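Before any comments, here is the structure.
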Amino acid sequence: MSLKCECGEKASYIWFDHNPDRLFPVCDRCLHKLIETFGEVNLDVYEIDDPDFLNALIKDVNEQFKWHDDKLRLIADWIKKKETSEE
């Protein structure tokens, strides 16, 4: 089973959209549209046929999860300090 792009074509890439965080399979044509819209350096795109594809994708997704986890921890610490200062 191959991944399909939203346009219905066979996907050759996975695009990691950071806003909101989600993964999209994209074909060559749709990737070129994304590059025209956002610029190549602003996209995290992984070629499905690349042997290191999964390793790179997992690494980047885990870094994003860690960033969110760190921010949640900071907020929880701030709330805890705020609550103890009000007592």
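Just so you know, all these numbers are worked out from the coordinates, no wet-lab data involved. All figures in this text were calculated on a predicted structure; none of them were measured in a lab. Cβ sites come from the backbone with ideal geometry, for glycine too, and all protein chains shown count toward neighbours.
Annotations for the structure displayed:
- Pairwise Cα distances in the chain exceed 19 Å for 51 percent of all pairs.
- Helix content alone sets the calculated 222 nm mean residue ellipticity of the chain: runs of n ≥ 4 DSSP H residues at -39500 (n - 2.57) each, divided across all residues, give -18000 deg cm²/dmol.
- Long-range HN-HN contacts of Ile48 with modeled amide H, under 5 Å: Tyr13, Ile14
- Other residues lying with their Cβ under 10 Å from the Cβ of His18 contribute a combined charge of -3, Lys and Arg counting +1, Asp and Glu -1.
- Amide H contacts of Glu9 (H built 1.01 Å from N, under 5 Å, at least 5 apart or other chain): none
- Axis angle, to the nearest 10 degrees, between helix 53-86 and the longest C-alpha principal axis of the chain: 20 degrees.
- Degrees separating the helix 28-38 axis from the principal Cα axis of the chain, which is the longest one: 40
- For Ala56, neighbours were defined as the other residues whose beta-carbon sits under 10 Å from its Cβ, and their charges (Lys and Arg +1, Asp and Glu -1) total -4.
- The string of couplings for segment 42-51 from the Karplus curve (6.51, -1.76, 1.60, θ = phi - 60°) is 8, 10, 9, 10, 10, 6, 4, 7, 5, x Hz, one whole number per residue in order, with x for Gly and Pro.
- Segments 10-20, 63-73, 47-57 sorted - mean Cβ within 10 Å per residue, highest first: 10-20, 47-57, 63-73
- Annotation for Lys59 and Lys33: the two label points, set 7 Å from Cα along the Cα-Cβ direction, are 3.1 nm apart.
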